[in-house]
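These notes are about the structure you will find just below.
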Amino acid sequence: MEIFGIDAIARRLAESVPPGLRTVQKDLENNFRAVLRASLSKLDLVSREEFDTQARVLQRTRERLAELEARLQALESAAPPGQR
């Protein structure tokens with residue numbers, strides 16, 4: 001489980017409850033989890049998997065752009081002066 005997952009946050013919140021209320025800790029943890037999921041679902045967030053996928057796509061796009069820029073530079077360098 002990830003460090004900042006909803007379950008971990010809910011558990012940490014429930015553990016921060018004063019000792020006198022620890023008897024309802026499991027109920028609080030479940031309620032915290034439900035509130036966190038409901039609140040986070042309303043936000044415009046992407047999953048880590050989607051973020052990583054888009055980062056890989058962006059990296060490939062940057063590499064391809066660098067290749068195309070190098071090819072263009074080579075073509076421009078090889079073109080006669082009047083055609084640049």
Self-check item: Options L65, S47, G82, ranked by Cα towards positive dipole end of the chain, top entry (Cβ charges)
Solution: S47
Quiz item: Exposure proxy check: D7, D44 ranked by fewest other beta carbons within 10 Å?
Solution: D44, D7
Exercise. Counting only C-alpha contacts under 8 Å and six or more residues apart, can you give the relative contact order of the chain as a whole percent?
Key: 21
Quiz item: Once both labels are modelled 7 Å past Cα along the beta-carbon direction, what's the R11-T23 spacing in nm?
Solution: 2.5
Practice problem: Compute the length gained on full extension between A78 and A38: take 0.36 nm times their separation in residues and subtract their Cα-Cα distance, giving the result in nm to one decimal. | Solution: 8.4 nm
Exercise. Using only alpha carbon positions, build the gyration tensor of the chain, then give the equivalent ellipsoid semi-axes as the square roots of 5 times its eigenvalues, largest first, whole angstrom.
Key: 57, 11, 8
Exercise. For n ≥ 4 DSSP H runs only, could you compute -39500 (n - 2.57) per run for the chain, divide by its residues and tell me the 222 nm figure to the nearest 500?
Key: -23500 deg cm²/dmol
Self-check item: Likely footprinting exposure, V57, V35, fewest C-beta neighbours within 10 Å first
Solution: V57, V35
Quiz item: So if R0 is 35 Å, what FRET efficiency would N31 and R56 give, r being the distance between their Cβ atoms, rounded to the nearest 0.05?
Solution: 0.40
Practice problem: May I ask you to list, by number, the DSSP H helices of the chain whose Cα span along the axis is at least 20 Å and whose average Kyte-Doolittle hydropathy reaches 0.5 or more? | Solution: none
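Bear in mind that the values in this text are calculations on the coordinates, not laboratory data. Values in this document were obtained by computation on a predicted structure and should not be read as measured data. Virtual Cβ from ideal backbone geometry, glycine too; neighbours counted across all protein chains shown.
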